[in-house]
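The values are calculated or read from the model by the stated rules, or taken from the named source; none is laboratory data. Worth saying up front: this structure is predicted, and the values here are computed from it rather than measured. Note that each Cβ is placed from the backbone with ideal geometry, even for glycine, and that neighbours are counted across all protein chains shown. All accessible areas refer to the heavy atoms of the entire protein, side chains included, with ligands and DNA or RNA removed. Shrake-Rupley method; radii C 1.70, N 1.55, O 1.52, S 1.80 Å.
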Amino acid sequence: MLQPSIKLRVRESFDRAAVTYDGAAVVQRTVCERLLAELERPTTVPAHILDAGCGTGYGAQLLRCCWPVAHITGVDFAPAML
């Protein structure tokens, strides 16, 4: 488990990067797209989806395209990302 001071530094780092994050998050977007492509689609439409570690919401947008009526909740360790 990470020490509290390390967690705080990581969170602060992501908070500072939030404004320009989308422009630099090429790997993260690729991972989101690949994960969604590999996801086994449920036979029923999900009513709720939790996007844990959602960052600025790129993955949530992809999920919205797949399940437009689902309630999507995004949470992230760094509040500025939201």
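Using the 2.2 N^0.38 Å rule of thumb for compact globular proteins, work out how region 18-63 stacks up: its C-alpha Rg over that value, please.
Values: Rg = 12.0 Å, N = 46, 2.2 N^0.38 = 9.4 Å.
Compared with the compact-globule rule of thumb, region 18-63 sits at 1.27.
Order the peptides 51-64, 14-27, 69-82, 33-46 from the highest to the lowest mean number of other Cβ atoms within 10 Å of their residues.
On the way: 51-64: 17.6, 14-27: 12.6, 69-82: 14.4, 33-46: 9.5.
Most protected by this proxy first, the peptides run 51-64, 69-82, 14-27, 33-46.
Roughly speaking, what is the stretch gain from Glu12 to Val69, that is 0.36 nm per residue apart minus the C-alpha to C-alpha distance, in nm to one decimal? Each step should come with its number before you reach the end.
On the way: separation 57, 0.36 × 57 = 20.52 nm, distance 3.37 nm.
Contour length minus Cα-Cα distance gives 17.2 nm.
Using the heavy atoms of the protein chains alone and a 1.4 angstrom probe, what is the accessible area of the chain per residue in square angstrom? Spell out each step's value before the answer.
Working: 6090 Å² over 82 residues.
I get 74 Å² per residue for this part.
In terms of the ratio Rg/(2.2 N^0.38 Å) built on C-alpha atoms, what value belongs to the chain?
On the way: Rg = 14.3 Å, N = 82, 2.2 N^0.38 = 11.7 Å.
Relative to the 2.2 N^0.38 Å estimate, the chain comes out at 1.22.
Excluding Leu82 itself, what net charge comes from residues whose Cβ is under 14 Å from its Cβ, given Lys and Arg +1 and Asp and Glu -1? Before the final figure, lay out the partial values.
Numbers: positive: Arg11; negative: Asp15, Asp22, Asp51, Asp76.
That works out to -3.
Could you tell me how far the Cα centroid of region 18-35 sits from the Cα centroid of region 50-82, in Å?
When both Cα centres are located, 13 Å separates them.
Determine the gain in length on full extension of the stretch Ile49-Val31; use 0.36 nm per residue of separation and subtract their C-alpha separation, reporting nm with one decimal. Show your work: numbers first, answer last.
Numbers: separation 18, 0.36 × 18 = 6.48 nm, distance 1.80 nm.
Full extension of this stretch gives 4.7 nm more.
With all protein chains present, how much of the accessible area of the chain (probe radius 1.4 Å) comes from carbon and sulfur, to the nearest whole percent?
Percent of accessible area from carbon and sulfur atoms in the chain: 61.
Using only the alpha-carbon atoms, how far is helix 4-17 inclined from the longest principal axis of the chain? Give it as 0 to 90 degrees, nearest 10.
It works out to around 70 degrees.
Per-residue ellipticity at 222 nm for the chain, helices alone: DSSP H runs ≥ 4 residues times -39500 (n - 2.57), over residue total, nearest 500 deg cm²/dmol?
Calculated at 222 nm, the ellipticity per residue is -14500 deg cm²/dmol.
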